[in-house]
Protein chains: 4
Amino acid sequence: MRIGILTAGGDCPGLNAVIRSVVHRAVVGHGDEVIGFEDGFKGLLDGHFRPLDLNAVSGILARGGTILGSARLERDRLREAAENCEELARRYDIDALIPIGGEGTLTAARMLSDAGMPVVGVPKTIDNDISATDRTFGFDTAVGVATEAIDRLKTTAESHQRVMVVEVMGRHAGWIALESGMAGGAHGICLPERPFEVDDLVKMVEERFARGKKFAVICVAEGAHPAEGSMPYAKGAIDQYGHERFQGIGNRLAVELETRLGKEARPVILGHVQRGGTPTAYDRVLATRFGWHAVEAVHRGDFGRMTALRGTDIAMVPLADAVTQLKRVPVARMDEAESVF
Amino acid sequence: MRIGILTAGGDCPGLNAVIRSVVHRAVVGHGDEVIGFEDGFKGLLDGHFRPLDLNAVSGILARGGTILGSARLERDRLREAAENCEELARRYDIDALIPIGGEGTLTAARMLSDAGMPVVGVPKTIDNDISATDRTFGFDTAVGVATEAIDRLKTTAESHQRVMVVEVMGRHAGWIALESGMAGGAHGICLPERPFEVDDLVKMVEERFARGKKFAVICVAEGAHPAEGSMPYAKGAIDQYGHERFQGIGNRLAVELETRLGKEARPVILGHVQRGGTPTAYDRVLATRFGWHAVEAVHRGDFGRMTALRGTDIAMVPLADAVTQLKRVPVARMDEAESVF
Amino acid sequence: MRIGILTAGGDCPGLNAVIRSVVHRAVVGHGDEVIGFEDGFKGLLDGHFRPLDLNAVSGILARGGTILGSARLERDRLREAAENCEELARRYDIDALIPIGGEGTLTAARMLSDAGMPVVGVPKTIDNDISATDRTFGFDTAVGVATEAIDRLKTTAESHQRVMVVEVMGRHAGWIALESGMAGGAHGICLPERPFEVDDLVKMVEERFARGKKFAVICVAEGAHPAEGSMPYAKGAIDQYGHERFQGIGNRLAVELETRLGKEARPVILGHVQRGGTPTAYDRVLATRFGWHAVEAVHRGDFGRMTALRGTDIAMVPLADAVTQLKRVPVARMDEAESVF
Amino acid sequence: MRIGILTAGGDCPGLNAVIRSVVHRAVVGHGDEVIGFEDGFKGLLDGHFRPLDLNAVSGILARGGTILGSARLERDRLREAAENCEELARRYDIDALIPIGGEGTLTAARMLSDAGMPVVGVPKTIDNDISATDRTFGFDTAVGVATEAIDRLKTTAESHQRVMVVEVMGRHAGWIALESGMAGGAHGICLPERPFEVDDLVKMVEERFARGKKFAVICVAEGAHPAEGSMPYAKGAIDQYGHERFQGIGNRLAVELETRLGKEARPVILGHVQRGGTPTAYDRVLATRFGWHAVEAVHRGDFGRMTALRGTDIAMVPLADAVTQLKRVPVARMDEAESVF
């Protein structure tokens, strides 16, 4: 068999581990050939690819990024791919395509699959917000990086009687904030799933100071937003011309808290460090298993599906299940986190 | 309510996170009192305990070890506890006991439960070999430590054309070897679940050298053993008086390989570093959730059970399910690992 | 003897290691008593202090922050301290004061010393910009954190053909940017010591892309500034009302580069994670040695001086030498860094 | 110019950083050509080398090991090299040779230099025992790995009332034991420089237990040895046939302590993890500077010398100074460490 593989969308620790695993399983386990398209679907459309043998994937297991490169999807070009997918498969002489990516990529994968391309998807997102899989690789690494940052900030907050506001990734789902907040022992966690009341945070900090714990760390997802009207001061930070001076919820929340508490509050925006670099052992194992099972699915002819973690097993689920609904933090998980402030 | 808590058995990253979570949930969420028995069941029998309030558990989330101490179980004294468990509950005026521990502790917990003590167990083992739960806290940290070691050893092996044999923990189940071996990209993984053929390892190394990869890393669980007769030379290392000169499978395998390959093979025995120190974010979250749900179970009167991870949920399972059978690495998982050599 | 100790100024990994070392050496080595003033000079003036014995400093060696707390200095209150320093020494019955802090603290220490207080200073700054000592503790940790961030960002930059601008600490001296830039292999390093030409950075990135290296990482100290007129576009980012929309050199430089290069450029502002948390082994050793030698100096009556690293030795240097001039990155060090782009 | 480079001796984090720096400085800074000999002096003698351009050293800065490979020296072959060094230089058309290595390599370098080869050495040892330089790269990484291990072991020791004996590298000099012991807060440190009295260790542990600190961690260099007669029991462990059953000082000391203290004492032998893998930021900077200055020395014609750290400067020192005497831990440094038990 001849299998094509590509990585698309934002960076995510573990991409190289999937690529390596696909190549190992396909080449060693089945005697297949593997080709890698460069820069995501662009490589597929423009004919940029290279053969991937054992040497090509040597030493990449622990490396961040993707040796194949990645690029944003353009809708028009994807439609172009869907319309010509038979021709594309013929052009590269591939029996299957394994696209690795997030919601956008999997939607594209589904489009190609519906149009007749033999596709097996591998889900990828540091945000952990893809339905139908218990976890995605990259998430554990992101949580680990954020937790280490919270650990570091906590000692400073404590020594200097300060409030620290840590903004972590998560535009639509708050998984990173939830788990790094729990793991780091943040005293407040704000998620996109539920508008937060600044009053509650103020009260929490004041109670802490009252019982002698003169610091607090608040972990806020970039997509979290305050309940309406609950953040009057940071709004006041919008100047007379209507320009907001503090961008991002982390910066704004720090201003609001400093104003209302009369205590130093400092924002830290973690940003891209959460999505690059060496994956954790957990993510390497999950990524490796995803790659292995994707190849097996190809050989079973189990197309139009993607790999998914279900408990301790890797299952194959319809691509449709992955992309119809975002996986958001359920209330029960928020409750668990709230009680440990 | 008044809840007693204790930690027993070997060290495991995340113990303090459970203690903290139990105290937070019980005290803040329910207005309970919590007392901690010192050095496991010994503290329960000998009356060594201390009250645990929020201050007592402040700052321990990320700390390894257990603030309550731990000690080995003696069977006789456990029987003593079981026989007097009503009296014990009365003596400390506790409405429930939450023992945190491994197979031995959970067996003891079951004994006490059968004798009438209101018990909610929390499973603990870095080996991940307790049935009825997908994972245990401590395991992820152990795998992380072992993986980092393999990462380090790999570069040396490669530069110096060497075979490295890394012995990791796992007496009866090979989970740590399996996952750190996969994550570290070990070229051979030996588990207690299946006797390994040294011939296979020799062949694998020779094939690697033949195709220009002049090094190999082999990850071996301390409980792994060679197929009968497959390790003649390390046996030869037993001297004329019948004393084995190389103790431990890691040391013995290195000798055997060096002899048969005619190449340098070095053993590294990771030992106790795998079970101490700061837990990973994953383990802190799991431990915190276990603690939270243990308290909820106490308040529901859901005794004789223990917390367990099932997919993404925390479930309560009968203590009996945990201790009747060891959770070993299934063949399917070994197959996944084998193909990525 | 009775020795007072305090920590002042911003947070810095290693403060607790100094405190622990002073207590160990004084108590065990000399039979001294040690008291710790809380929240820097405030505790000295307001009478907030506590005795520090071996138990008080147990387990703090690897912990970030300072168990004594810290607070900003107010000039007036310092003058108050200087004017009453004889009375202060008498009030607490101390034979010596060991203040641990940065430039401000050491200036205060010198003031107190000149006024007759028996003072031995310990220099502290993550910025490494105190003259008269080869290095300060905290710096190595900060460089380590920044380097790990650059390592992570590099893989993302490479996979996604992006320019990453990492802003690290260093308002007046660029040591952190210099060393983390070198260690992380940044392709451009901008220091406060020398205005940078954006043209040079643009040219460097374009040359990299031209030879197939389609990414770049630029490490910029928060105190770095562009040569006059060299950053026209980020200036353009100031809106029609004269408000600058992008604060901080990191954010501004990313805008400028993105505009001029027509390629994605992303800023990451590391912020406070650089100055908190567990110190590296290097910083723990240096901090411990500083503490030990400070106590020895006290016992020799070697006052008005501070500990300093000179080669591999700890020397005592006049406080005056530390505070008269900032230690900035010399041209020779910049040359070394430039050639490794 | 055309410069040859090689790496010899045991593995050491930072080797690749030197290679990369030499290539960058030579190629970009001077327009030189660089060739790398494979597997140390063997490649020089046997004609195994490859050109090193910017692409060849791309991405290796943070990688452990050496892309050039390394191998043990054989004295005879070295003499062969010395006798033919003019011919060798002619054969490869090189104007200078930069060998990177430890004592053996630098001795060989000196031999070649004396025989007329234009040589600039770069010292390398994780043991930090080369005279004439304040530090060597690799050492900081080794100390960091050992310190992290001690951190982890300490929590287990404390929770389980145990004595832990950690054996670290250092056959002839105890720098790693000294600094990791100080950084990890070990309660006893045993160095090759001074025979240790087991009685002192026993007394220390007993005093700790007496004051409620029921654990201890002892850090012992592999080359440390007990004062004569001070270890009777581990000697007893030699069996009736005169075979020692416990190899290595770490194992033996644990047996001795367990026997005499009647408390659990566990050995951990860190081994090769100390000398592989990603170098710390410190080591990457030092290695990069060494590489840069080696090239500068070549261009100045400053042969027969090696790079050395002196304070904050890189100096060139005669190869003779490096190899005549091992740099051992001075008494003053031991005193500092002893007082912080």
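The values are calculated or read from the model by the stated rules, or taken from the named source; none is laboratory data. Predicted model, so just to flag it, every value in this text is computed and none were measured. So basically every Cβ, Gly included, is an ideal-geometry build from the backbone, and we count neighbours across all protein chains shown. Accessible surface is based on the protein model in full, side chains and every heavy atom, while ligands, DNA and RNA are left aside. Shrake-Rupley method; radii C 1.70, N 1.55, O 1.52, S 1.80 Å.
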Nearest-5 percent of antiparallel DSSP beta bridges in chain D? 30
Taking chain B, the lysine pairs whose C-alpha atoms sit under 27 Å apart (8 or more places apart or on different chains) add up to 14
Normalised convex hull volume, the stretch A:1-145, alpha-carbon set, Å³ per residue: 102
Where Rh denotes the Kirkwood radius from the mean inverse Cα pair distance, what is Rg over Rh for chain C? 1.05
Whole-number percent relative contact order across the stretch C:250-341, with pairs defined as alpha carbons under 8 Å at least 6 apart: 14
q = 0.11, 0.13, 0.15, 0.17 Å⁻¹: log10 I(q)/I(0) that the Debye formula gives for the stretch B:142-275, counting C-alpha atoms only: -0.34, -0.48, -0.64, -0.83
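Over both sides of the B-D contact, add up the buried accessible area with a 1.4 Å probe and give it to the nearest 100 Å².
For chain B against chain D, roughly 2900 Å² becomes buried.
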Once amide H atoms are placed 1.01 Å from N in the peptide plane, what residues at a sequence separation of 5 or more from A:Val165, or on another chain, have their amide H within under 5 Å of its amide H? A:Ile218, A:Arg266, A:Val268
How many nm is it between the label spots at A:Glu86 and C:Glu228, if each spot is 7 Å from the Cα in line with the beta carbon? 6.9
Which FRET efficiency value, to the nearest 0.05, is calculated for C:Glu197 and A:Arg77 with the Förster distance at 41 angstrom and r the Cβ-Cβ distance? 0.60
Solvent-free Debye scattering, log10 I(q)/I(0), computed from the Cα coordinates of the stretch A:19-77 at q = 0.18, 0.20, 0.23, 0.31 Å⁻¹: -0.66, -0.78, -0.93, -1.24
Cα-based Rg and Dmax for the stretch D:88-209, where Dmax is the largest Cα-Cα distance (Å): 20.2, 68
At q = 0.12, 0.14, 0.22 Å⁻¹, what base-10 log of I(q)/I(0) does the Debye formula yield for the stretch D:201-338 when every alpha carbon is treated as an equal point scatterer in vacuo? -0.77, -0.89, -1.39
Using a Förster distance of 30 angstrom, determine the FRET efficiency expected from the C-beta separation of B:Leu326 and B:Arg300, and round it to 0.05. 0.55
For the stretch A:262-321, what D do you get in µm² per second when you plug the Kirkwood radius from alpha-carbon pairs into Stokes-Einstein at 37 °C and 0.692 mPa s? 227
Where is the GNM fluctuation largest for chain D (alpha-carbon springs, 10 angstrom cutoff): D:Gly301, D:Gly64, D:Gly170? D:Gly301
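Which value results when the Cα radius of gyration for the protein assembly as shown is divided by 2.2 N^0.38 Å?
Relative to the rule-of-thumb radius for its length, the protein assembly as shown sits at 0.90.
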Quick one: accessible area per residue over chain C, 1.4 Å probe, rounded to a whole number of Å²? 34
For the stretch D:142-275, which whole percent of the accessible surface, found with a 1.4 angstrom probe, sits on carbon and sulfur atoms? 44
Position C:Gly262, label points 7 Å along Cα→Cβ, spacing to each other copy in nm (shortest first, one decimal): 5.6, 6.1, 8.3
With springs only between Cα atoms under 10 Å apart, run a GNM on chain D and tell me which of D:Arg284, D:Arg171, D:Arg90 wobbles the most. D:Arg90
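Expressed as a rounded percentage, what relative contact order does chain D have, with Cα pairs under 8 Å and six or more residues apart?
Reported relative contact order: 23 percent.
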Just to confirm the number: angle between the C-alpha axis of helix C:139-160 and the first principal axis of chain C, 0 to 90 degrees, nearest 10? 20
Once each part is reduced to its C-alpha centroid, what is the distance from the stretch B:71-103 to the stretch A:151-179 in angstrom? 39
Find the relative contact order for the stretch A:142-275 and round it to a whole percent, using C-alpha pairs within less than 8 Å whose residues are 6+ positions apart. 33
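What value, in deg cm²/dmol to 500, does the helix sum -39500 (n - 2.57) over DSSP H runs of n ≥ 4 give at 222 nm once divided by the residues of chain B? Can you show the working numbers first?
Values: 13 runs with 141 residues, N = 341.
Taking each H run of at least 4 residues, the total per residue is -12500 deg cm²/dmol.
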In short, the stretch C:295-339 residues buried by 40 Å² or more of accessible area relative to the isolated chain (1.4 Å probe) are C:Thr312, C:Arg333, C:Glu336, C:Ser339
Roughly what angle does helix B:198-210 make with the longest principal axis of chain B, taking Cα atoms, 0 to 90 degrees, to the nearest 10? 60
Measuring nothing but label to label, 7 Å from Cα along Cα→Cβ, what are A:Asp335's distances to the other copies in nm, shortest first? 4.0, 6.5, 6.9
Kindly express, to the nearest 10 degrees and within the range 0 to 90, the angle between helix B:15-24's C-alpha long axis and the longest C-alpha principal axis of chain B. 20
Skipping prolines and chain starts, which residues have an amide H placed within reach, meaning under 5 Å, of the one on D:Ala96, given they are 5 or more residues away or on another chain? D:Arg2, D:Gly4
Under the classification rounded if a/c is under 1.5, otherwise prolate if a/b is larger than b/c and oblate if not, where does the stretch B:37-109 fall, given a ≥ b ≥ c as square roots of the Cα gyration tensor eigenvalues? oblate
Can you give me the distance in nm between label points at B:Asp313 and D:Leu54, each placed 7 Å from the Cα along the Cα-to-Cβ direction? 5.8
